[in-house]
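Trainee: The structure follows.
The values are calculated or read from the model by the stated rules, or taken from the named source; none is laboratory data. All of these numbers come straight from a predicted model, not from anything done at the bench. No Cβ is skipped: glycine too gets one built from the backbone with ideal geometry, and neighbour counts run over all protein chains shown.
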Amino acid sequence: MLWALGMILLGLTSTTSLGMPNQNFGRIQPWRIILYWLGPLSPPIHFMILLLWGAMNPPLPIYVLVGCALLLLYMALRIGLVSSVSKRLGQEREESVREKEQGRLLYELHDTVKQNVHGISLTLRAAIVTERRGDREKALEMFGRALGAAREAEFQISRPYDELSALRGESPPGAGDFLRQRLEKFEEYFGVKTHDDLQASLEELNPAETAALKRVFVEAFWNVAKHSGASNMYLESRLVGSVLIVRVRDDGHGFDTEKPPPGLGLRYMRRRAGEVGADLDVISTQGRGTAVQVRFRKRQNIPDPWRDDL
Amino acid sequence: MQGSDAGRLRDPRVPRIPPVAVLALWALGALVFAVLPQGSEAKSVIATVFSLSAAAFAAIALLGATPHAEGHERAFLQLMGWGMVSRFAGNALWSTSHLFGFGVGTLVAPQDVAYAISYPLLVGAMLHLVALVTRRITLVTALDAGAVMLSVGTLAWYFVLGPVAADAGLGGAREAVVTLSQPVCDAALLFLGLVVASSRVKPRFSMFLIGVSSRCCSPTPLTSDFAPSGPTRSATGQRCCGLSA
């Protein structure tokens, strides 16, 4: 009668939708997998019982031994399959993270660059109107502002592009070369004298760390250009014990780190560094410049060459 | 993937079957079955009538719902529905062969063919469901189901069916295959049902899973003509499997 009940329930199920999922639900929880291996339907447990029973009550039939051999074959096949599936799932997860990051960057690109370009266009339009009115001096000033904004936009647009390239492993220069190139551009665009002193190699950073470092430092460069009023900017790296420190500092007017001015993106920088397990320090005193440094832990232990520089 | 009308009745044109009425009918039958004395003819008739009507009900309901379903749900209902049709045919042929005595002594009885068609369809339906509710483990699950079949079959034969066969003086390959196939295939279905249940299943699956589990765990009154004393002894292996699960 229970059998009939099962059939009836199966039939009744079809009266409502089964609610097929629109996407796969993912992995089965580990404790359920353990239940399979140690539970009443577990093939190894079944054969273990058979072997123990057979050992106590010989002889063991040949079909049990054949079953054991097949079980071993099954185990070998299963290990191979599970390994392959795990690898594939890992790749899918990485791909998913990458796509998510790309989406974020596109969103950011839209938010920042589009607004800047729109601002430039408005300024240019106003400059043209002013020039037609005959106020040449004011028009020139507006053109100058538009040019400055265009340079900023150019600088900004390269940020997400560089990060995307790093994420996709397409960035030919390593982190060190990349930052040097950015320094050159920075000096060209903003007229701040730059100095690089990368004593510790940044090439040992993995792609995710490299992407985070680039993102944080481009943000820090931007802060120097926009807010610091500095004449000089310094890019430095050192290996202190097992910690790789990369630092950018300026000789600008600094700020109170207890009450940082809005718009510096410090929270974002800290979060971005934290995503790859690094720490971010912001050291600043009013009138004595600012230093932003990222510390990557668990590096190869090399004697400290930096000593009192920090 | 196609969408589904999740959360509501499939289509207003599909006649709604009142579950309470159907379950009440089953409960009534079960009560009468329990009250009747062991070994009575009426008990056997009730069991046969109920098993046939339940299989027919499941087949008609599943296939009747198929045209109104879409995508993967449709494929699943089709596989399950045709599996049930084969199952019903197997049960009907088994009953008829025992009533009129045909097919006895032939190498392959018609009901065996029907069962042989039914199980791959049911296992296919369950694997389809596993593929829908889990991610990339269908092949591993199929392999596991095969291992479960192997171990349950060996266990059932060693402890239960082998000794029964020796006592009855039957050792033919056909009898062995027929006797073993049902508990072994039901164990695979049960395992696949548990895999589906282990995923993050929506409540709508619950009734279906209870149905699969009940079907697999219960000893069917129509198994094989292996044991002379009828279904009770030949389904012992199946009982073991059901109890263990």
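Trainee: Right, A:VAL240: under 16 Å from A:ASP197 (Cβ atoms) and in contact with a Phe, Trp or Tyr (Cβ under 6 Å, 6 or more places away or on another chain) or not?
Mentor: Spelling it out, A:VAL240 is indeed under 16 Å from A:ASP197 (Cβ atoms) and in contact with a Phe, Trp or Tyr (Cβ under 6 Å, 6 or more places away or on another chain).
Trainee: Moving on. Show the residue pairs that are 6+ apart or on different chains and have beta-carbon atoms under 7 Å apart, the first residue being within segment A:221-232 and in the same structural domain as A:THR257 (by TED's automatic domain parsing), the second being at pLDDT 85 or above and among the basic types (Lys, Arg).
Mentor: Once the first residue is in the same structural domain as A:THR257 (by TED's automatic domain parsing) and sits in segment A:221-232, its partners that are at pLDDT 85 or above and among the basic types (Lys, Arg) give A:SER231/A:LYS193; A:ASN232/A:LYS193.
Trainee: What tally of residues in segment A:277-309 results from selecting those that are surrounded by 14 or more Cβ atoms within 10 Å (Cβ to Cβ), among the hydrophobic types (A, V, I, L, M, F, W, C) and modelled with pLDDT under 85?
Mentor: The qualifying residues number 1.
Trainee: Mind telling me which of the residues B:ALA166, B:ALA131 ends up being of a type outside the set (S, T, N, Q), part of a helix (DSSP H, G or I) and under 23 Å from A:GLY54 (Cβ atoms)?
Mentor: Answer to the selection: B:ALA166.
Trainee: Go through A:ARG78, A:ARG104 for me and flag whichever is away from chain B (no Cβ under 13 Å) and of a type in the set (Lys, Arg).
Mentor: Selected residue: A:ARG104, the only one of A:ARG78, A:ARG104 that is away from chain B (no Cβ under 13 Å) and of a type in the set (Lys, Arg).
Trainee: Among the residues of segment A:234-263, what is the count of those that are closer than 30 Å to A:GLN102 by Cβ and modelled with pLDDT of 85 or more?
Mentor: 7
Trainee: For segment B:123-148, enumerate the residues that are more than 20 Å from A:LEU73 (Cβ to Cβ), at the interface with another protein chain (Cβ under 8 Å from one of its Cβ atoms) and in contact (Cβ under 8 Å) with a residue 24 or more places away in the chain.
Mentor: Result: B:LEU132, B:VAL133, B:THR134.
Trainee: Can you find even one residue in segment B:90-107 that is part of a helix (DSSP H, G or I), crowded, with 21+ Cβ neighbours inside 10 Å, within 12 Å of chain A (Cβ to nearest Cβ) and at pLDDT 80 or above?
Mentor: Yes, segment B:90-107 contains a residue that is part of a helix (DSSP H, G or I), crowded, with 21+ Cβ neighbours inside 10 Å, within 12 Å of chain A (Cβ to nearest Cβ) and at pLDDT 80 or above.
Trainee: In segment B:42-80, which residue that is of a type in the set (Ser, Thr, Tyr) and more than 9 Å from chain A (Cβ to nearest Cβ) is nearest to the chain's Cα centre (by Cα)?
Mentor: B:THR48
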